[in-house]
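First up is the structure itself, then whatever we jot down about it.
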Amino acid sequence: MDVRFWGTRGSVAKPGPTTLRYGGNTSCVEVRITDGTLIVLDCGTGAHGLGQALLASGEHPLRGHLLITHTHWDHIQGFPFFAPLFVPGNEWDLYAPGSVGQQLETTLAGQMEYTYFPVTLEQLNATIRYHDLVEGQFAIAGVRIITQYLNHPALALGYRLEADGVAVVYAVDHEPHVRDGSATGSLTTRLAGAPPVHREDQRHVEFLAGADLVIHDAQYTAAEYPKKITWGHTPVEWAVDYALAAGAKRLALFHHDPLRDDDALDGLVEICRERVGAAGGGLEVFAAAEGQVLVLTEGEGTTVRSISSTGVAATGEMLGPLTVLVADDDPTIVALLTATLQQDGFRVLTAGDGETALRVARAERPALILLDWRMPGLEGVDVTRALRADADPHLRRVPVVLLTGETGGENTAAGFAAGVTDYLTKPFKPPFVRARVRAWLVRGAAGGRQDVRR
Ligand SMILES: [Zn+2]
Ligand SMILES: [Zn+2]
């Protein structure tokens, strides 16, 4: 498997004399499998160079698969400039996370409206097929693709590609789930490479498990992070810890901050290598550079995960006008969540205490329940226990998320043990809430058996 970086920058393109070595174009990675299968990860401005190279290769008709993590600008801005899409006879399959009211085709058409671009989506000459993805797995030719939601203020998917006996994970635009106000402290006081305590971070580690190459968000440092909480990106120290806990072989720092010049990126690599050394690990760390090519071959100890779940599940239509129950004794939080959820068309029911929440849950059987941990009378975790023991199987399975001021401590583990699905950490911002709610609902609706909708 060959991996080539065409764009490594995050947020916004940053060409110029200070970014010559690592590059200024935004996210775009080309993956070639030995059998010729072409997979492109994200379509930032780096896609322009890739498109030109593909045309110059003379391969025609050209068949390719474009996997988009999410549709923030830095991941799709190269799309209207990706030349192979304009060539008749070419065939492209496009994939991105699908969710309520958000279909990939509509979103891509949006940035090609007349106000922004002179050519519309319908005028592209190649044959294009759109696939709205959920979490799960599917195959492209001989490549097994595993998808998993990332923690970001937009619904974003990470991609794990397994082929040619090697595994590559592309996990960009992701923020650690642990956020207890001492994120920096926990990084400096806990041992490098220590496994994460939050179940969602553990899931992330499993997603990366044994990978030959992890291409990971590494936008910030632990020192910068306190000012960037909820921006949806990873401090490099956390990227190292994820990769170490996962037993990955190589870590490519990616989604470089536009304010980070080449020398500063060298500094990040040094921080990471010292952390690997402190943990006594054998992880190889480097900062992904535009133009860099990696040839990955099957080696000893390569882990190719086996996942048995398959099947086809719809995404957009199954979310429909769903009901969400919000319970908090703080009316400000209830009002904020209600307004946020109504933007996405959800029917929102509210409660000011645990007893009411339980009664409403039993009567209305909502698709998702958000409960404040600390409420007078029954607390969120007590309500969760009651739901998990209910005679109604829907209430035993429904995603239950606790609103809390802390994550990562003993209470977090106790909540998971009581049947809590996940946590929403205060203070939260509406974009994060919208992304997380989508992930919980899609996961819950598909019941862990998910795949591509064609
Ligand atoms: Zn990004
Ligand atoms: Zn993003």
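The values are calculated or read from the model by the stated rules, or taken from the named source; none is laboratory data. Everything numeric in this text was worked out from a predicted model, so none of it was measured. We place every Cβ from the backbone using ideal geometry, glycine too, and count neighbours over all the protein chains shown. Note: accessible area is taken over every heavy atom of the protein model, side chains too, but ligands, DNA and RNA are not part of it. Shrake-Rupley method; radii C 1.70, N 1.55, O 1.52, S 1.80 Å.
Write down the Kirkwood hydrodynamic radius of the range 1-146, to one decimal in angstroms, obtained as one divided by the mean of 1/r over all alpha carbon pairs.
Computed over Cα pairs of the range 1-146, the Kirkwood hydrodynamic radius comes out at 15.6 Å.
Hey, any idea what % of the chain's accessible area is carbon plus sulfur with a 1.4 Å probe?
54 percent
From the mean inverse distance of alpha carbon pairs (Kirkwood) and the Cα radius of gyration, derive Rg over Rh for the range 105-262.
That ratio is 1.03, to two decimals.
Alpha carbon centre of the range 115-137 versus the range 26-70: separation in Å?
15 Å
At 1.306 mPa s and 10 °C, plugging the Kirkwood radius over alpha-carbon pairs of the range 333-419 into Stokes-Einstein gives what diffusion coefficient in µm²/s?
119 µm²/s
With Cβ to Cβ distances under 10 Å as the rule, what net charge do the other residues near D372 carry (K, R +1; D, E -1)?
The answer is -3.
Mind checking which of S57, V276, I369 is farthest towards the positive end of the chain's charge dipole, using Cβ charges of +1 (Lys, Arg) and -1 (Asp, Glu) about the Cα centre?
Final value for the positive-end residue is I369.
About the Cα centre of the range 1-66, how large is the charge dipole given +1 on each Lys and Arg Cβ and -1 on each Asp and Glu Cβ? Please answer in debye to the nearest 20.
With only Lys, Arg, Asp and Glu charged at Cβ, the dipole is about 260 debye.
log10 I(q)/I(0), Debye, Cα-only the range 71-154, no solvent, q = 0.11, 0.12, 0.15, 0.20 Å⁻¹?
The Cα Debye sum returns log10 ratios of -0.34, -0.41, -0.64, -1.07.
Which of L441, W231, L387 sits farthest toward the positive end of the charge dipole of the chain, with +1 on the Cβ of Lys and Arg and -1 on the Cβ of Asp and Glu?
Checking the options against the dipole of the chain, the answer is L387.
Which lysines have a Cα less than 22 Å from the Cα of K429, not counting those fewer than 8 places away in the same chain?
Once the sequence-local lysines are set aside, what remains near K429 is K227, K228.
Mind checking the dipole of the chain: about its Cα centre, +1 per Lys or Arg Cβ, -1 per Asp or Glu Cβ, Debye to the nearest 20?
680 debye
Loop-only GluC sites (Glu not before Pro) in the range 205-308, please: DSSP not H, G, I, E or B, and at most 14 other Cβ atoms within 10 Å.
Those that pass, being in a loop and sparsely packed, are E298, E300.
Among DSSP bridges having both ends in the chain, what percentage is antiparallel? Round to the nearest 5.
Around 40 percent of the beta bridges assigned by DSSP in the chain are antiparallel ones.
Within the range 92-156, report the GluC sites (Glu not before Pro) that DSSP leaves as loop and that have at most 14 other Cβ atoms within 10 Å.
Qualifying residues, ordered by number: E113.
List the residues, sorted by chain then number, that are 5 or more residues from A218 or on another chain and whose placed amide H is less than 5 Å from its amide H.
HN-HN under 5 Å from A218: T234, F254.
For the chain, the longest stretch holding no chymotrypsin sites (Phe, Trp or Tyr not before Pro) located in a DSSP loop with at most 13 other Cβ atoms within 10 Å is which?
117-454
Roughly what % of Cα-Cα distances in the range 197-265 sit above 16 Å, to the whole percent?
Roughly 48 percent, rounded to a whole number.
If one computes P(r) from the Cα atoms of the chain, what percent of pairs lie at distances over 34 Å?
Tail of P(r) above 34 Å: 33 percent of Cα pairs.
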